[in-house]
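The values are calculated or read from the model by the stated rules, or taken from the named source; none is laboratory data. Small disclaimer: the values here were computed from a predicted structure and weren't measured. Note: ideal-geometry Cβ built from the backbone for every residue, glycine included; neighbour counts use all protein chains shown.
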């Protein structure tokens, strides 16, 4: 058995220092980086197996240097990668805002997409319905225009065509030279013309009925539009008119006032159903204005009471001028009531006395 020299720990440390210095010197002479041999905690070279593990595991190497710009760029990239917040659909109630915020972004995106598809579909249907309505309205307008033109032409035609039944004498009847064939043709033509005129007359009557119905419908729509605005205002000004028991008296008072102002009574008798709430409100306001003005005028016409003659306080003598003024007023009052010469003379005596 051959003895192998065993290196002391101290020598081993010196040999390690020499090896490290040698590696540093080689690194100084060469451009290639030195591959430092891994060591254990006591400074000795690590076993080969552990060196291989450390070489294969990159996490065991030295940490990369801190690059502030790289970190800021990574943070900015992460912020850019975050999806933008999605607004809550308009169909959702505002009270559900917290519920919407609690939903994951993927769920919000899906719901918003479905809501958008629904809104687009509904708007498309509305647009199609509006286009169809416009087309129908255009067709109706054109049809009504053609109908009205036909009615005008029918009136001209009916007034122009006045057919008399053919007379056999006009074709030589009774003269021995009777043109029977000509007469028969004239009668046949007359009958055709009469039938044609009757058809035109029937169509004209149907058109007149349609025009009247359309006029009544337009009037009803106009009346409804006026009532929609005027009725609430009338009820606000005259609440009792909604009371079935008080309404007749109120309406009668309004009608009586309107008649007193010169509106014919037939207007209310023939058009009772077409009197709008706005017209009733105007008539009521006018009657109220006249009533208030009349009451004010009565107050102005009432004479103010005469001031009472101040009575003399006990123990205080009445002055001569005050006594003379009192006597003069009494004399003037007597003269105003009687108008006699004696009372007039009394007034002059009082003034001169």
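Only a single criterion out of (1) in contact with a helix residue (DSSP H, G or I) (Cβ under 6 Å, 6 or more places away or on another chain); (2) in a loop (DSSP other than H, G, I, E, B) is not satisfied by residue 164, namely (1). Note on the stretch 230-241: residues that are surrounded by 12 or more Cβ atoms within 10 Å (Cβ to Cβ) and either in a helix (DSSP H, G or I) or on the phi > 0 side of the Ramachandran plot (or both) total 7. Every test in (1) exposed (fewer than 11 other Cβ atoms within 10 Å of the Cβ); (2) at pLDDT 85 or above is passed by residue 306 save one, and that test is (2).
Quick one: would you say residue 228 is outside the structural domain of residue 273 (by TED's automatic domain parsing) and closer than 22 Å to residue 283 by Cα? For residue 228, the condition - outside the structural domain of residue 273 (by TED's automatic domain parsing) and closer than 22 Å to residue 283 by Cα - is met.
Yes/no per residue for (1) in contact (Cβ under 8 Å) with a residue 40 or more places away in the chain; (2) over 60 Å from the mean Cα position of the chain (by Cα); (3) loosely packed, with under 11 Cβ neighbours inside 10 Å:
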| site | (1), (2), (3) |
| --- | --- |
| 157 | yes, no, no |
| 165 | no, yes, yes |
| 168 | no, yes, no |
| 175 | no, yes, yes |
| 182 | no, yes, no |
